[in-house]
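The values are calculated or read from the model by the stated rules, or taken from the named source; none is laboratory data. None of the values given here were measured: they were computed from a predicted structure. Virtual Cβ from ideal backbone geometry, glycine too; neighbours counted across all protein chains shown. To get the accessible areas, we keep the full protein, side chains included, count just its heavy atoms, and leave off ligands, DNA and RNA. Shrake-Rupley method; radii C 1.70, N 1.55, O 1.52, S 1.80 Å.
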Amino acid sequence: MDINQMYQLMQYIIRKNQNGNLRPQDFNLIINTASVSYMDYLLGEFQKYVAGRPFAAVEFGQNQDIRQRLSPFIPAPVNITINAGGYGAYPTDYLNSDAMVYGIYKQRVKYIQQDRLFSHLNSYIDPVATNPFYLIYKDGFQFYPTNLGSATLSYIKKPATMVWNFTPDIYNRPVYNPVGSVQPEWSELDQLEVVVRALNQVGVNLQLRDVEQYSQQIKIQGQ
């Protein structure tokens, strides 16, 4: 689906369920909020952790299916330039780390938490000179040893902000304009998952199967 079909689908369902109409500006706000919510779900919602088991029911890296769903947001690995103090900035579209390696043999750079910094810096078993690691901060990574020079990052990027752009007709009704519109990056199945979340925000409680059926009606009958 393109962004227009997503908007048509939501309008169709909302009218079918007698929930009024969905204005373009409201759609643009809600669909992007739903996209962020779905991304959070696939990455792993920490709110669903339980004591002694810090894992979500669905979590990135858990299996191939989840990674496949996130594949539109996994760009080619990028080089992180590390300054003399060991700092390397995030890519501009960075959302979450996948893997960090360094050197010609692509050796792993381990992630650690701040409370473990002292023990890792002073480890005799895994000396920092040959066992590099990094910490995460607001705007980038802090590497040890600080003279690493560069590293290669595989990461999850932020979803593009979707836009349903329009041009008013002679009656001031919005007519879809592909110029200026920003299309979804999600696959079609995941677009429906995003639509489910968006519909919940406007008070239409449907399961994915229901939305799939509505989607087929849109394709067959048109809007």
Would you call VAL182 within 26 Å of ARG67 (Cα to Cα) and at pLDDT 95 or above?
yes
Take ARG116 and decide whether it is basic (Lys, Arg), open to solvent by 40 Å² or more (accessible area, probe 1.4 Å), over 23 Å from LEU70 (Cα atoms) and without any contact (Cβ under 8 Å) to a residue 12 or more places away in the chain.
yes
Take ALA151 and decide whether it is assigned to a loop (DSSP other than H, G, I, E, B) and surrounded by 13 or more Cβ atoms within 10 Å (Cβ to Cβ).
no
Positions within segment 162-202 being within 18 Å of LEU43 (Cα to Cα), in a loop (DSSP other than H, G, I, E, B) and either of a type outside the set (D, E, K, R) or in contact with a Cys (Cβ under 6 Å, 6 or more places away or on another chain) (or both), in sequence order:
TRP186, SER187
For segment 51-70, enumerate the residues that are closer than 20 Å to GLU188 by Cα and either surrounded by 11 or more Cβ atoms within 10 Å (Cβ to Cβ) or at pLDDT below 65 (or both).
VAL58, PHE60, ILE66, ARG67, GLN68, ARG69, LEU70
For segment 119-139, the count of residues that are loosely packed, with under 13 Cβ neighbours inside 10 Å and under 26 Å from the mean Cα position of the chain (by Cα) equals 3
Candidate set from segment 87-110 (those that are aromatic (Phe, Trp, Tyr) and under 12 Å from THR152 (Cα atoms)); member that is modelled with the lowest pLDDT
TYR105
Those residues of segment 1-50 which are at pLDDT below 85 and basic (Lys, Arg) amount to ARG15, LYS16, LYS48
Every listed condition ((1) out of contact with any Gly (no Cβ under 7 Å at 6 or more places or on another chain); (2) under 30 Å from SER187 (Cα atoms)) holds for GLY140 save (1)
Which one is nearest to GLN8 (Cα to Cα) among residues in segment 134-173 that are without any contact (Cβ under 8 Å) to a residue 40 or more places away in the chain and of a type in the set (Lys, Arg)?
ARG173
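Conditions (1) without any contact (Cβ under 8 Å) to a residue 40 or more places away in the chain; (2) over 14 Å from GLN8 (Cβ atoms); (3) loosely packed, with under 15 Cβ neighbours inside 10 Å; (4) among the charged types (D, E, K, R), marked per residue:
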| position | (1), (2), (3), (4) |
| --- | --- |
| VAL175 | yes, no, yes, no |
| VAL179 | yes, yes, yes, no |
| GLU193 | no, yes, no, yes |
| ARG197 | no, yes, no, yes |
| GLN213 | yes, yes, yes, no |
| GLN216 | yes, no, yes, no |
If LEU192 satisfies every condition in (1) at pLDDT 95 or above; (2) within 30 Å of TYR38 (Cβ to Cβ) but one, which is the exception?
(1)
